[in-house]
Amino acid sequence: GGLTSVNPNTLPVGYTVTFQFNATVTASAGSSIQNCATVTNSNDTNAANNQSCVTIQVVPSGVCDLRITKTVSPNPVTPGQQVTITLTVTNVGTAPCPGPTNVVDPDQPLGFAVGPGWTCVGTACTYANPIPVNGSVSVTVTPTVAAPPGTAIPNCATVTNSNDTNAANNQSCVTIQVT
């Protein structure tokens with residue numbers, strides 16, 4: 001079907017009439033809708049400019065987007081000193097991220113400190129619960145630095161979730177400076 005509107009008034013030169021309507025989109029996410037409007041008037045002498053079309057992209061109503069941030073404190077550090085490394089996962093999307101969410105930090109020793117909802121095996125941790133929009137969850141590890149002075153230790157962690165729509169913010173790295 002379509003929408004028809006009739007304006008019985010005379011439209012003076014240079015004037016504009018605007019019609020607005022609301023519609024419910026039933027197309028699936030990832031598709032596009034071609035929407036055209038046509039004006040007709042028996043006195044119109046130029047039919048070439050009587051139609052205008054737009055393409056509307058249909059996007060998901062809400063998306064899960066997890067971002068991981070890795071911090072280390074203190075930094076720089078001296079040999080034999082303990083550091084606290086925190087991995088924080090935040091849902092920066094527009095919909096909750098259902099679990100499970102996996103965090104891997106392959107450069108860490110065992111011994112993550114975790115809160116409710118987390119389980120860790122080796123250097124991988126899983127958060128089983130959903131992460132709400134703007135919600136954050138964290139894990140920490142407190143290793144002792146054994147590297148000699150002058151060493152720069154690169155250290156990265158990743159987050160994965162099968163519902164995550166943006167992999168660009170799924171890795172965070174820090175460099176630990178040993179002085």
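The values are calculated or read from the model by the stated rules, or taken from the named source; none is laboratory data. Not measured: the values here are computed from a predicted model. Counting neighbours? That spans all protein chains shown, and the Cβs are built from the backbone with ideal geometry, glycine included. The area values use the complete protein model at the heavy-atom level, side chains included, leaving out ligands, DNA and RNA. Shrake-Rupley method; radii C 1.70, N 1.55, O 1.52, S 1.80 Å.
For this structure, a couple of remarks:
- Matching entry among VAL54, VAL72 (being under 37 Å from the mean Cα position of the chain (by Cα), open to solvent by less than 60 Å² (accessible area, probe 1.4 Å) and hydrophobic (A, V, I, L, M, F, W, C)): VAL72
- Within the range 109-150, restricting attention to residues that are of a type in the set (A, V, I, L, M, F, W, C), open to solvent by less than 30 Å² (accessible area, probe 1.4 Å) and closer than 15 Å to CYS64 by Cβ, the residue that is nearest to the chain's Cα centre (by Cα) is ILE131.
- Selection status of ALA37, free of Cβ contacts under 8 Å to residues at least 24 places away in the same chain, surrounded by 13 or more Cβ atoms within 10 Å (Cβ to Cβ) and either touching a strand residue (DSSP E or B) at 6+ places or on another chain (Cβ under 9 Å) or not hydroxyl-bearing (Ser, Thr, Tyr) (or both): yes
- Only one entry in PRO96, PRO154, PRO106 is closer than 26 Å to ALA29 by Cβ and open to solvent by 50 Å² or more (accessible area, probe 1.4 Å), namely PRO96.
- All of VAL89, VAL77, VAL13, VAL83 fail the test of being hydrophobic (A, V, I, L, M, F, W, C) and within 24 Å of the chain's Cα centre (by Cα), apart from VAL89.
- Within the range 157-179, the set of residues being open to solvent by 40 Å² or more (accessible area, probe 1.4 Å) and in a strand (DSSP E or B) comprises THR158, THR160, GLN171, CYS173, THR175, GLN177.
- Listing of strands (runs of 3 or more DSSP E) fully contained in the range 60-148 that carry 3 or more residues being touching a strand residue (DSSP E or B) at 6+ places or on another chain (Cβ under 6 Å): 66-73, 84-91, 101-104, 124-127, 136-141
- Residue in the range 34-48 that is assigned to a strand (DSSP E or B), at pLDDT below 95 and within 25 Å of the chain's Cα centre (by Cα) present: no
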